[in-house]
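Input: a single structure, listed below in structure tokens.
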Amino acid sequence: MESIKEIFKIGYGPSSSHTMGPSKVATAFGRKNAGAASFKVVLYGSLAATGKGHLTDKAIADELSPKPVTFDWQPDISLERHPNALKITAYNSSGEITDETTAYSVGGGKVVYEGVSEDAAKQIYPLTDMESILRWGHDSGRTLWEYVQEHEESDIWDYLETVWTTMKEAIERGIDTEGVLPGGLNLPRKASSYYFKAQGFRDSIRRRGLLFAYSLAVSEENAAGGRIVTAPTCGSCGVLPSVLHLLRYHYDMTDKRILLAMATAGLIGNIVKFNASISGAEVGCQGEIGTACAMSAGAATQAFGGTLNQIEYAASIGLEHFLGLTCDPVCGLVQIPCIERNPMGAARALDANMYAILSDGRHFISFDKVVQVMKQTGHDLPLIYRETAMGGLAMFANKNISPIFAK
């Protein structure tokens with residue numbers, strides 16, 4: 001498995017696979033072909049199907065600017081390696097091809113190129129499944145964040161501190177900003193309203209309302225193209241920050257404790273990414289929100305002093321109860337139902353944490369088995385439910401959408 005830095009990428013929304021990944025490909029290709037006169041970009045499969053709503057073309061064109069770029073949208077052609085594929089071709093002033101590359105945006109902002117194995121990336125974790133890591137922990141008397149510390153470079157805590165700061169800034173901006181999100185759905189931001197309404201309640205209801213507000217704040221920032229952290233993707237970026245923020249400021253946990261919990265979350269996300277997928281285009285939203293929930297549930301259980309088995313159980317619950325969740329963005333935007341799924345994922349993460357903490361950590365179906373079921377379920381989902389905006393709630397994209405009771 002790669003560094004957990006690959007799980008926590010700092011960048012701009014609205015999509016890690018449709019915006020951050022293609023942008024990265026365009027940046028590298030543009031630098032390599034600085035003398036090109038023009039470019040042509042072919043978007044395949046899911047990148048083409050929902051690329052407009054995810055601002056894929058804008059992200060690519062911005063990186064190749066000021067050279068002219070033409071786009072060829074091929075939603076009905078899905079390349080074998082991954083449904084998120086793009087090909088960029090460079091031309092000289094005579095219209096001759098001078099260079100070409102095909103790349104795949106495989107989720108969480110990660111990019112792999114045609115002819116290059118994913119194994120070529122630096123693998124730093126020798127154990128890649130939860131069962132083996134738990135065995136290591138029981139034998140050594142250590143926990144998950146210590147496994148991260150043992151294999152990451154020495155700057156990992158500085159990096160996670162930067163990630164934590166970025167998450168907090170996204171929450172603050174989201175709560176302070178009101179208005180309508182871009183994209184054409186005319187969806188109003190809700191984080192500020194939820195935040196101030198929550199202040200009127202007491203104790204557990206107030207905390208739950210604030211959790212919703214924090215998650216909405218980050219998700220809305222992402223939808224507006226703001227600076228966020230993938231956790232593990234842009235579409236699910238509001239789950240973990242909201243849980244960590246609640247732990248830090250409403251349960252009086254220290255920043256150091258939050259960073260340890262974040263390391264635990266990163267390792268859980270890494271296990272899912274390595275053994276299954278975090279790409280909505282490949283396995284549906286279960287790979288995004290489901291993984292984010294598992295990461296957050298494990299992080300919270302770590303922070304509250306849970307045992308290794310309880311952390312594993314919480315992560316298992318978090319992912320298990322999102323199995324089969326479709327990726328069906330209305331109009332291809334990371335707004336409906338994406339934004340609302342983030343606070344629901346955060347709430348379920350805390351429920352999973354509580355359920356696991358009350359137990360002795362023993363349960364029937366392991367986290368590793370749930371990960372494998374998620375992978376198989378995702379592959380069994382019809383294509384229309386995997387980030388193509390062709391099925392599910394996205395079917396309403398071509399209808400007259402208006403708020404309920406808005407007449």
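Of the accessible area of the chain, computed with a 1.4 Å probe over protein heavy atoms only, carbon and sulfur atoms account for 52 percent.
Working from label points 7 Å from Cα in the Cα-to-Cβ sense, the Leu383 to Ser366 distance is 3.6 nm.
Lys and Arg at +1, Asp and Glu at -1: add these up for the other residues within a Cβ distance under 10 Å of Phe201 and post the number. Walk me through the numbers on the way to the answer.
Values: positive: Lys197, Arg202, Arg206, Arg207, Arg208; negative: Asp203.
Charge balance near Phe201 sits at +4.
Considering only Arg207, Arg135, Arg341, the Gaussian network model of the chain with Cα springs below 10 Å gives its largest mean-square fluctuation to Arg135. Each peptide in 271-282, 13-24, 33-44, 358-369 gets a packing score, the mean of other Cβ atoms within 10 Å over its residues, and the list from highest to lowest is 13-24, 271-282, 33-44, 358-369.
The stretch between Thr98 and Asp203, if pulled fully straight at 0.36 nm per residue, gains 31.4 nm over its current Cα-Cα span. Cα extents for region 22-118 along the principal axes, largest to smallest and rounded to whole angstrom: 33, 30, 22.
GNM remark for the chain: springs join alpha carbons under 10 Å apart, and the peak mean-square fluctuation among Gln199, Gln335, Gln74 falls on Gln199. Summing Lys and Arg as +1 and Asp and Glu as -1 over all other residues whose Cβ lies under 15 Å from the Cβ of Gln302 gives a net charge of +1.
Helix 130-140 and the longest principal axis of the C-alpha atoms of the chain enclose an angle of approximately 40°. Taking all protein chains into account, the per residue accessible area for the chain stands at 42 Å² (1.4 Å probe). For the chain, state what percent of all Cα-Cα pairs lands in each successive 10 Å bin, counting from 0 Å until the bin that includes the largest distance. Using 10 Å bins, I get a P(r) of 5, 24, 33, 25, 11, 3, 0, 0 for the chain.
Regarding region 271-368, what's the average projected area of the Cα-atom convex hull, expressed in nm²? List each step's numbers first, then the result.
Numbers: hull surface 23.6 nm².
Its average projected convex-hull area is 5.9 nm².
Database note for the chain: Cys without another Cys beta carbon under 4.7 angstrom, Cys234, Cys237, Cys293, Cys331, Cys338.
The values are calculated or read from the model by the stated rules, or taken from the named source; none is laboratory data. Because the structure is a prediction, the values reported are computed rather than measured. Glycine gets a Cβ as well: all are built from the backbone with ideal geometry, and neighbour counts include every protein chain shown. Please note that ligands, DNA and RNA were not included when accessible areas were found on the heavy atoms of the full protein model with its side chains. Shrake-Rupley method; radii C 1.70, N 1.55, O 1.52, S 1.80 Å.
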